[in-house]
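Enquirer: Supplied in structure tokens, the structure appears directly below.
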Amino acid sequence: MRRKILSLLLVAVMAAGALAQQQQEGGAGAGAVSVERLRAHIEYLASDKLDGRRTGTVGATEAAQYIAGEFKRYGLGGGVAAPSGAKERANAYLQAFPYVAGVELGKANAMTFTPRASEEAARAHAAGASSTAALDLRVGEDWMPLAWSANGRVENTHVTYIGYGITAAELQHDDYAGVDVRGRIALAFAGTPDGDNPHGSFARFADLRFKAAAARDHGARALVVIAREENFKDDKLARLRVDESLASGDAGLPVVVISRQTARRALEAAATPAMTFAELEQAIAPAASPATAGRSSVEGASTASSPQAGAAHSAARRSFSAPLKNIAFALSTEIVRREAPAANVVGVLEGSDAKLKQEVIVIGAHYDHLGRGGQGSLASREGEIHHGADDNASGVAGLLELARTFAAERKSVRRTMVFIAFSGEEEGLLGSSYYVQNPSLPLAQTVAMINLDMIGRMKGDKLMVGGVGTSAEWKQWIERANSGVHLNVATATGAPAPQQEVEKGNYPIVAGANGAMVASVSPALRFALSMNEDGFGPSDHSSFYAKQTPVLFFWTGTHDDYHKPSDTADRINYEGELRIVSFVREIARAVDASDARPTYTLAKSDAAAGRSTGFRVYLGTIPNYAETSDGLKLDAVREDSPAAKAGLMAGDVIVRLAGRDVRNVYDYTYALGEMRAGVEYDVEVMRGGARLKLKLTPAARK
């Protein structure tokens, strides 16, 4: 054993000497990961110049051009074929995909309020009697259509007030109980019984998409939401803006927000309910309790933050929903959606083995971030650049170093490697979803996908690896790379190891031409690994696992700067990232060195536990969040799940669930919230042009 260790040490010493020679000749060797290069990439991508790299912006386009330029410099081929009939592409590295970057008002937006629109008033008007004329409301000052509103026209139509406009069976809360909104306009306050509490029982209903789904499900012709801010222009709903929900298509009915002044006038002109605007709002306010609901003032400050409290709270105020007499609205909405350039950056390193080069290893990282805030940001205000150094300039820097080092050793790379910098990840995995539908090389030839997302903030040697259960070989390769003999360089510049560690004998010093180099033979593990088996998760590897490709996901965890402007390049642990990228490189080498492709396995999942969804039931479906067609497309169905037992399959498009039409993920989620475990429901799907009706029985979440 001692002789074996000495032999291994000799190998490490020789490697150290070779690395020292490479550094003497001009920095890190071509086949070694370089901390200076990692730093340079991150500092550029996270610079003010790129303005946060929001998909569809100039900054994101410049980032894509930078990455493409690096791929070209490394000698990688472009992964995007020229269009049919064209000799070549302007940039063969850029894979463009559809992206809605902005919305603007069309010419047909109009809204009127008629204070007298009762049946009696209509008959009097028909008989020649005078009636109050309709009042034109000014778009941008009195009202505004929401970006995801359907385009449409609703003639002079009666209105029903519906409180917050929430239906939540699991909370025993139904603002539609006892009222009929079919063929009418639904009028609701913004917000929820939980107020702004992000952890409250009603938190998901703060997203107006769910209120729109409920209004459409109950037969309303339009949903009108009352602004929360007294000054309409200060209300965030009054700003026509794009967000990730646009990827799911429009709401299926017109949805607009009106000023509080307009709502006050409308509600107080109505004879029912016999309450002022202030009393109606106070009655459903988060601080209201059963004993005080309906008063013009409320004592106490308790909130409905549990299902039980939510049920008690809603029971006290259900009766406030009511048809409004003597008023009507007419409205016309026209939203023009503006597409902008968005692209994945794809570089291809062809394998050297005549047979194995037909197989593909994909290594990916997303380069987009949040621009100047807004949707997805955790900053207190908008307007500041969200630099995204860790999320995910760190992953892209690692991707570029892996591309460079493997390209430098191309003769020893047997399989083809495809390096992809994805865009649209922050908007719902748009880029990776598009790639798996339009791969550079057939997806059946892709043997593995390795994803780097937020690898720049390692603390205490802790590294998280997801997807370990998606291939039978992953654990063996990961554990082998994490232990055994390693060449450890104290710093990227060749500085000596810490003296106290040298004295302990942990770091044998090997003299090098460019300073002291460090080689060690130590049984200690490289990282304190936290491994998760599931192949699904909140990053681009999910798109590949949904296509039954083995995946690995590397990240160092979240931190206080996550999705904030303070995620800057100076906070990156560059030495730690160098170690991670070198570790990933060894695992990729193991995949490439194996004569057999990794064995795909169905990973164990704790998804049924529902730790973050808040739903009572589990179906086992994996929705495709990027689809915009009518219905919700399924990327995958978990094996042995209720959905699988019902006969649902990957590629199915759910168009109706539990008696509710499904146009998008919001409709699907709304229906899911109404379902009960152990109860059989109808589910209708489109499959191969045919509409199928299946029976589905949800399971209870653990």
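The values are calculated or read from the model by the stated rules, or taken from the named source; none is laboratory data. Here the structure is a predicted model, which means the values were calculated and not measured. Note: ideal-geometry Cβ built from the backbone for every residue, glycine included; neighbour counts use all protein chains shown.
Enquirer: Can you give me the number of residues within the range 459-473 that are within 26 Å of the chain's Cα centre (by Cα) and not in a strand (DSSP E or B)? Before the answer, list the steps.
Expert: First pass over the range 459-473, keeping only residues within 26 Å of the chain's Cα centre (by Cα): 459, 462-471.
If we keep only those that are not in a strand (DSSP E or B) too, we end up with 459, 467-470.
Here the count works out to 5.
Enquirer: For I580, which of the numbered conditions (1) surrounded by fewer than 17 Cβ atoms within 10 Å (Cβ to Cβ); (2) not basic (K, R); (3) not in a loop (DSSP other than H, G, I, E, B) fails to hold?
Expert: All conditions are met except number (1).
Enquirer: For the range 175-183, state whether one or more residues are assigned to a strand (DSSP E or B) and not basic (K, R). Lay out the reasoning, then the answer.
Expert: Of all residues in the range 175-183, those assigned to a strand (DSSP E or B) come to none.
No.
Enquirer: Quick one: how many residues across the range 44-63 are surrounded by fewer than 24 Cβ atoms within 10 Å (Cβ to Cβ) and within 26 Å of L349 (Cα to Cα)?
Expert: Within the range 44-63, residues that are surrounded by fewer than 24 Cβ atoms within 10 Å (Cβ to Cβ) and within 26 Å of L349 (Cα to Cα) number 3.
Enquirer: Exactly one of (1) farther than 30 Å from P323 by Cα; (2) at pLDDT below 90; (3) surrounded by fewer than 16 Cβ atoms within 10 Å (Cβ to Cβ) is unmet by R123. Its number?
Expert: (1)
Enquirer: When you check D180 against the structure, is it within 30 Å of the chain's Cα centre (by Cα) and outside the structural domain of V617 (by TED's automatic domain parsing), yes or no? Steps first, please.
Expert: Numbers: within 30 Å of the chain's Cα centre (by Cα): no; outside the structural domain of V617 (by TED's automatic domain parsing): yes.
For D180, the condition - within 30 Å of the chain's Cα centre (by Cα) and outside the structural domain of V617 (by TED's automatic domain parsing) - is not met.
Enquirer: Here is a further query. Could you tell me which numbered condition F202 fails, if it satisfies all but one of (1) crowded, with 24+ Cβ neighbours inside 10 Å; (2) closer than 23 Å to A266 by Cα; (3) touching a Leu at 6+ places or on another chain (Cβ under 9 Å); (4) not charged (D, E, K, R)?
Expert: (2)
Enquirer: Considering only the range 45-69, how many residues are touching a residue at least 40 places away in the same chain (Cβ under 8 Å), part of a helix (DSSP H, G or I) and farther than 21 Å from F97 by Cβ?
Expert: Adding up the residues that qualify gives 1.
Enquirer: Scan the range 156-194 residue by residue and report those that are at positive phi and touching a Phe, Trp or Tyr at 6+ places or on another chain (Cβ under 9 Å).
Expert: G163, G165, G191
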